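Data first, discussion second: the structure below is written as structure tokens.
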Amino acid sequence: MTRVKYGLTLSNRSVLLGMSTVSEMLDLATEADRSGRWDSVWLGDSIFAKPRLDALVALGALAARTDRVRLGVGCMASMPLRDALLLAYQWLSFDCISGGRSIFVACQGQREAGGGLFEEEFAAFGIDPATRSRRMEEAIEILRLVSTTEKASYEGTYNRFEDVTVLPRPVRLPLPIWVTANPNPALPKLAERALRRVARLGDGWMTTANTPSSFSANLDAIRRYADEEGRPLDSRFEACLYYNIHVTDDRDRGMDEVATYLKDYYGVEYDRAFLDRWVAVGDTSRCADLIREFVDAGATTVTLRLVGYDEATQFRRVTDEILPALAGSES
């Protein structure tokens, strides 16, 4: 049985909101690296829609403070807004600095509630939001192309270049590129398109706000579409759940804190049914059981964002209680 990997999602937005500090963010990454229990550390991405420390700059700081954990963005929401060739150059530089510990997760941004100033952000860059899917796809193709090819040429709808060599080269090949998809079953055509994109372009899949049942069904669909694409998925394909957690012995009080924290963070008052699906709230046993359900549904990596105002306490409880309980159940 393949060991499930666990990632710590830190908030580079909380620093701007006064919920955390740069030193606290870096210290948690260092502790996660030294603990031996976390496999990866992640940051979020946005430019103007949900302002935060720039993901690429902050990842460079994490690379300098850690030695072991993989490092990534969950997910690169500003991808359609960034020049694709420049982004590839920046990411390959980060991969070099991190010693090949990078995981790139492609994303096109969120128009729905929680996406912040989505329309204003695209307007600031003079980019039509309707083009964001294809811009993201071209950026994936370009990152993969220049990571393996010298004197690369590309002609797409939004990107064109000839005989370009991007240095440095990736430390490890293939450079891992995961693709996000959070399909809405109420929109079946869009859902299929998103999952087919993962099957066609991804070395992995990152998703959030699933149930174990929907996670399993979507993963089955990705495998089916990948077979149709002629690129059947092997054991290296990553199925990653972006999950939230708040460990507490008083679940009712914990749910109140989670709701308040996420409203402060996103400016959205989420209903409790959604929060039940998006956040593991409760004591050690309950939180571990909820995570195990997704592992049983096929998750190979679970990233955990610490939801709550006392991030240090949440980190200790997840590191010292949740992860050992999960590791014990896999042995």
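The values are calculated or read from the model by the stated rules, or taken from the named source; none is laboratory data. Since this is a predicted model, take the numbers as computed values, not measurements. Virtual Cβ from ideal backbone geometry, glycine too; neighbours counted across all protein chains shown. With ligands, DNA and RNA removed, areas are computed over all heavy atoms of the protein, side chains included. Shrake-Rupley method; radii C 1.70, N 1.55, O 1.52, S 1.80 Å.
Things to note:
- Share, in percent, of DSSP beta bridges within segment 1-133 that are antiparallel, nearest 5: 0 percent
- Shape of segment 159-261, Cα gyration tensor, a/c cut at 1.5: prolate
- Surface share of carbon and sulfur [accessible, 1.4 angstrom probe, percent] for the chain: 50 percent
- Taking the DSSP beta bridges with both ends in the chain, the antiparallel portion is around 10 percent.
- Which labelled figure in [x] 15.8; [y] 16.8; [z] 17.8 is mean projected area of the Cα convex hull in nm², once derived from the coordinates: [x]
- Within-11-Å neighbourhood charge of ILE47 [Cβ basis; K, R +1; D, E -1]: -1
- Accessible surface, per residue, of segment 204-287 when the full set of protein chains is kept, probe 1.4 Å, Å²: 46 Å²
- Peptide packing for 236-245, 53-62 was compared via the average number of neighbouring C-beta atoms within 10 Å per residue; ordered from the highest value, the list is 236-245, 53-62.
- Lysine pair number, Cα distance threshold 30 Å (strictly under), the chain, separation 8 or more or different chains: 4
- Taking packing as the residue-averaged number of other Cβ atoms within 10 angstrom, the listed peptides 27-39, 135-147, 69-81 run from highest to lowest as 69-81, 135-147, 27-39.
- Accessible area per residue for segment 17-133 is 39 Å², calculated with a 1.4 Å probe on protein heavy atoms, without ligands, DNA or RNA.
- Accessible area per residue (1.4 Å probe, heavy atoms of protein chains only) ranks THR21, THR207 as THR21, THR207, with the largest value leading.
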